[in-house]
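The values are calculated or read from the model by the stated rules, or taken from the named source; none is laboratory data. What you are looking at is a predicted structure, and each value in this text was computed from that prediction instead of being measured. Neighbour counts run over all protein chains shown; Cβ positions are idealised from the backbone, glycine included.
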Amino acid sequence: MDPRNLLEVRNLTMRFGGIVANNDVSFDVAQGSITALIGPNGAGKTTVFNCLTGFYRASEGTIHLAGDQGCAPLEVGGLLSKPLIGGSYLVARAGIARTFQNIRLFREMSVVENLLVAQHNHLDRNLLSGALGLRRYRQAERDGIERAFHWLRVMDLEEDANRLAGELPYGRQRRLEIARAMCTGPRLVCLDEPAAGLNPREKADLAERIQHLRNEHRVTVLLIEHDMSLVMGISEHIVVLDHGEVIAAGDPQEVKNSPAVITAYLGADDDEEGAA
Amino acid sequence: MSTHASPTFIRPLREAGVTFVLALIVFGPISGLVLDGYSIEPHLGRPLLIASIVAAGRLLFGVLEQTPFGQKLLARNARKASGGVTVARGDEYKLLYFVVPLVIAIGVTLPFVANKYWLGNLILALIYVLLGLGLNIVVGLAGLLDLGFVAFYAVGAYFLALGAQYLDIGFWTALVCAPMLAACFGAVLGFPVLRMHGDYLAIVTLGFGEIIRLVLNNWLDFTGGPNGASVPAPTIFGLEFSRIAKQGGTPFHEFFGLEYSSDYKLMFTYLVLLVVVLLMVRFLTKLRQMPMGRAWEALREDEIACRSLGINHVIVKLSAFMMGAMTGGLAGVFFATYQGFVNPTSFNFFESALILAIVVLGGLGSTLGVIIAALVLTLLPEVLREFADYRVLAFGALMVLMMIWRPRGLIRPKRPHFAPEV
Ligand SMILES: Nc1ncnc2c1ncn2[C@@H]1O[C@H](COP(=O)(O)OP(=O)(O)O)[C@@H](O)[C@H]1O
Ligand SMILES: [Mg+2]
């Protein structure tokens, strides 16, 4: 594995019965980069995310995540197939966090609670120390609350801290989902259409925040997005999928001028932004 | 729904007609034919009367629905139905400093003023509170539908009865060990089935509950089968609550030079039970703000999101299942002690359904709601003794009314308030 890469996807193929959602997909995500995954609707982008984050077991191919602090690289498929304890939650613990195309918040819990659940593995889960209110437990809980408020400030949600997640306006729910993903302390955060349904001002604001996450909080971002100006503006590397296959990859200029991309987008429909 | 100024009667009338026919079909065989000795007597008036009442209710509802007042009422209900969960402001706790000591004081004085009959009812009510709290963890917090909860209740009760018979254990040992054993049963059942969802889980747990009951019923040599098993009286510091010492100690009343009365045993059971319930309530209140409790609720809200956050959903579900089972086992010990005797008929499906009703009516996830529902559903039938025959009917009617009035239960839980450190 190239030490400059955080994630290496090789020959990923995902089949659902007869449907081939991803066919021989390979790409890299460099450490500390903002990488975008684009393509028309139904191209298989979300399926790639589901494979990366361990929700689907890839039919073929490998997904390697660089090891943390000099450890050996991890293979996502291997984490899933561990006997007895294997599962997608291990992928999250390895440092890949994600958001969902259709927001999945804990709607009937408060905003802070959403962020505390995300820190589950960093808190003191011992029932006894919690019931007795030991110092260790109280300290961990206080730290968790502090961390939650830290990310609320970063995503500009502090005044909503004590509201129900489900009653926030749509744009704020999207930001809360990103904050929640960040609370797990990830190395790679995968955002599935974070700007979908936002107005232009909110989109610009979101673009700024994503860059801020990468620059100030040292997290690598992998992003699915339909809004071309947003994608071209913030990403260093773009991978284009169509019909489950990678048709182009490179920096924004290269991708913009690639004939394959132009045909895929203009051939698919007349709208330059695809069917957003 | 029509928005005309004056309500139309045609549709409500038609609906009421259909309701009348349906009610006739439902109530006809139940109340129209009365078994008298060996013959069946027709009482056709009764189903007609009941069906007319139901149809009149439907007509009233249909007309009210069209008036502005009715629509306002419906809108308010709809708002309540969707969610109704709120976040605490963070200053509600002041009231608790007053209410909690008051409730405890009343709880402690009750056994000294209540007669034997009511003391027994209170014990049963508290047992159901405990059962409700246990099932509330599984169904209300973790969102796992468990229709066989009574199995763990039976495990607790039979552990004391059979343990006393074969291993010579007493009340206190059972109080510690039975919950653990019940939790083990929970784990054994839970591990293979918790990968299932919703309906499948409900069916498997339903089966498990029946299996336990059938085993208790049919394993004559070990459990005593339908004849049940007797349970020794509890002891305190070696003093027995029985007329003559059977376990080698001194009877409680002799030690203190009192007349023998079985009230002492009931009082003792009640007080220990009260302490256990209070501790349990305190623990559960804390638990809801602990990582494990939060993970349970998060799992109920969205399992996929939980997995994406690195939460091992199987372990979290298993812990909820075990914690619920443990509480059920604890309740079983008290039930066995109170009755002095256990047999399998106490652990049939109706019992599971009753506990589930307590949790649902109380408001899934709300500790206070579950306590109120348990007290109401167990004490009210005793108050209305004369109507005992109609208990199940009233129960059904209550369920229907609640589903209309408060589909999400009596009390919706409040989310805790958090503030950053300054
Ligand atoms: N669980 C699934 N079962 C069957 N087909 C699926 C499943 N998930 C995705 N697909 C199919 O894979 C294709 C790609 O879907 P998706 O990855 O959601 O596209 P995108 O996110 O790029 O819009 C679609 O044709 C979709 O029908
Ligand atoms: Mg998608």
Scanning region A:106-122 residue by residue, those aliphatic (A, V, I, L, M) and more than 7 Å from chain B (Cβ to nearest Cβ) turn out to be A:111, A:115
Wholly inside region A:168-276, helices (runs of 4 or more DSSP H) that include 2 or more residues that are not assigned by the TED database to the domain that holds residue A:39 are A:170-183
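Per-residue answers, yes or no, for (1) basic (Lys, Arg); (2) outside the structural domain of residue B:172 (by TED's automatic domain parsing); (3) free of Cβ contacts under 8 Å to residues at least 60 places away in the same chain:
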site: B:264; (1), (2), (3): no, no, yes
site: B:275; (1), (2), (3): no, no, yes
site: B:278; (1), (2), (3): no, no, no
site: B:288; (1), (2), (3): yes, no, no
site: B:294; (1), (2), (3): yes, no, yes
site: B:299; (1), (2), (3): no, no, no
site: B:308; (1), (2), (3): no, no, yes
site: B:313; (1), (2), (3): no, no, yes
For this session: Return yes when residue B:366 is farther than 20 Å from residue B:325 by Cβ and modelled with pLDDT under 90 and no when it is not.
Result: yes
Exactly one of A:67, A:61, A:18 is touching a residue at least 40 places away in the same chain (Cβ under 8 Å) and more than 20 Å from residue A:255 (Cα to Cα), and that residue is A:61
Here the residues within region A:108-141 that are in contact with an Asp or Glu (Cβ under 9 Å, 6 or more places away or on another chain) and modelled with pLDDT under 90 are A:108, A:122, A:123, A:124, A:130, A:134, A:136, A:137, A:138, A:139, A:140, A:141
Result of the Cβ filter at 7 Å on region A:34-45, keeping first residues that are within 11 Å of residue A:247 (Cβ to Cβ) and part of a loop (DSSP other than H, G, I, E, B) and partners that are within 8 Å of ligand 2 (Cβ to nearest atom) and at pLDDT below 95, at least 6 apart or interchain, is A:39/A:45
Subset of region A:46-57, residues assigned to a loop (DSSP other than H, G, I, E, B) and more than 9 Å from ligand 1 (Cβ to nearest atom), comes to A:53, A:54, A:55, A:57
Of the conditions (1) more than 10 Å from ligand 2 (Cβ to nearest atom); (2) under 12 Å from the mean Cα position of the chain (by Cα), the single one that residue A:30 does not satisfy is (2)
(request) Would you be able to say whether some residue in region A:146-159 is in contact with a Lys or Arg (Cβ under 7 Å, 6 or more places away or on another chain), part of a helix (DSSP H, G or I) and more than 7 Å from chain B (Cβ to nearest Cβ)? (result) no
Filter pass, residue A:81 being more than 16 Å from ligand 1 (Cβ to nearest atom) and among the hydroxyl-bearing types (Ser, Thr, Tyr): yes
Restricted to region A:23-45 and to residues being near ligand 1 (Cβ under 7 Å from one of its atoms) and in contact with a strand residue (DSSP E or B) (Cβ under 6 Å, 6 or more places away or on another chain), the residue nearest to residue A:231 (Cα to Cα) is A:39
Apart from one, (1) in contact with a Cys (Cβ under 8 Å, 6 or more places away or on another chain); (2) away from ligand 2 (no atom under 16 Å from the Cβ) all hold for residue A:99; the odd one out is (2)
